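Worksheet: the structure to be examined is printed underneath.
Throughout, read-outs are computed from the coordinates displayed, never taken from laboratory work. No experiment lies behind these values; they were computed from the predicted model shown. Neighbour counts run over all protein chains shown; Cβ positions are idealised from the backbone, glycine included.
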Ligand code: MLT
């Protein structure tokens, strides 16, 4: 991981491999770019792969007060500019999908292709918004052990292997409560992205874990219809973090999609 000054803040990111259109990996909540280790390993054999820790996560500097998904999307655009990347395939999982959609609203020309995994285009209804505010306060009061306990059953299947669960727990525990709180508030404020999906005219792939309880396969199928040209792949034996629970199937879907877009 290296640090780069972006908009006056230090952002931590990874940039490995060469070839093809660069692939940009945008992580889920409350994790960091480490969650992509299985994809970085597989894809960097044939592609340049970049992954960023959002502000407040991993090795990046703390999130500002009043952080929004647009702030994160602008960070991604500026970071890619610093990296000399003008066009890429974006892969966003869950919150990473929200960042992807925000980025497309701001800078559609950056998109050579898009993969939206275990995410949704809808905004939060009022109870969910209020719950995020409660969650943000509790995260700050109770700390990362509480966040991990709260999130692990939502991110992973009950049948998830113990060593995988432990790894995800470690990623969560290495984050900071203030970053978690800022991200919850940013997600609460996200707009509906139905129109954004309709405007995505690049090749698109939707992925969902077969046992994802947070964004079930039906959400993915709805996104596929809105994206028109998209394919939808269901990852067997996987919950919300489908790339972590079944990296082999997730990578196969990704590699197949990237191959199809090579021309
Ligand atoms: C995520 O996995 O990024 C979050 O669960 C998304 C959300 O809370 O909506």
Quiz prompt | Peptides ranked, highest mean first, by Cβ atoms within 10 Å: ranges 60-68, 31-39, 157-165 | solution = 31-39, 60-68, 157-165
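Please work out the Cα convex hull volume for the range 38-83 and give it in Å³ per residue.
91
Let a ≥ b ≥ c be the square roots of the eigenvalues of the Cα gyration tensor of the range 151-195; is it rounded (a/c under 1.5), or, if not, prolate (a/b larger than b/c) or oblate?
In terms of gyration-tensor shape, oblate.
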Quiz item: For the chain, modelled as a Gaussian network with Cα springs under 10 Å, which listed residue fluctuates most, 234, 126, 245?
Solution: 126
Quiz item: Taking a ≥ b ≥ c as the square roots of the eigenvalues of the Cα gyration tensor of the chain, is the shape rounded (a/c under 1.5), prolate (a/b larger than b/c) or oblate?
Solution: rounded
Exercise. For the range 66-140, count all C-alpha to C-alpha pairs, find those more than 22 Å apart, and express that count as a whole percent of the total.
Key: 30
Quiz item: Going by how many other beta carbons lie within 10 Å of each one, how would you line up 172, 207, fewest first?
Solution: 172, 207
Exercise. Could you tell me which of rounded, prolate or oblate describes the range 7-81, using a ≥ b ≥ c as the square roots of the eigenvalues of the alpha-carbon gyration tensor, with rounded for a/c under 1.5 and, failing that, prolate when a/b is larger than b/c and oblate otherwise?
Key: prolate
Practice problem: Provide the FRET efficiency to the nearest 0.05 for the residue 142-residue 65 pair, computing r from the beta carbons and using R0 = 35 Å. | Solution: 0.95
Quiz item: For residue 167 and residue 129, what is the calculated FRET efficiency with R₀ set at 30 Å and r taken between the beta-carbons, to the nearest 0.05?
Solution: 0.45
Quiz item: Between residue 86 and residue 174, 0.36 nm times their residue separation minus their Cα-Cα distance comes to what?
Solution: 28.5 nm
Quiz item: If all Cα-Cα distances of the range 37-181 are sorted into 10 Å bins from 0 onward, what percent lands in each bin, rounded to whole numbers?
Solution: 10, 35, 39, 16, 1
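How far, in nm, would the chain grow between residue 256 and residue 159 when pulled straight, counting 0.36 nm per residue and subtracting the alpha carbon separation?
Full extension from residue 256 to residue 159 adds 32.2 nm.
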Practice problem: Apply 1/(1 + (r/R0)^6) to the Cβ-Cβ distance of residue 218 and residue 3, taking R0 = 51 Å, and write down the FRET efficiency to the nearest 0.05. | Solution: 0.80
Quiz item: Binned at 10 Å from 0, what are the whole-percent values of the Cα-Cα distance distribution for the range 114-206, short to long?
Solution: 14, 35, 34, 16, 1
Quiz item: In nm, what is the difference between 0.36 nm times the number of residues separating residue 149 and residue 78 and their Cα-Cα distance?
Solution: 22.1 nm
Practice problem: Can you tell me which of 253-259, 226-232, 98-104 comes out highest on packing, and rank the rest after it, using the mean Cβ neighbours within 10 Å? | Solution: 98-104, 253-259, 226-232
Practice problem: Sum -39500 (n - 2.57) across every DSSP H segment of at least 4 residues in the chain, then divide by the residue count to get the 222 nm mean residue ellipticity, nearest 500. | Solution: -14000 deg cm²/dmol
Practice problem: Post the alpha-carbon centroid distance, the range 60-138 to the range 177-240, in whole angstrom. | Solution: 12
Quiz item: Among 86, 46, 13, which comes first, second and so on when ranked by fewest other beta-carbon atoms within 10 Å?
Solution: 86, 46, 13
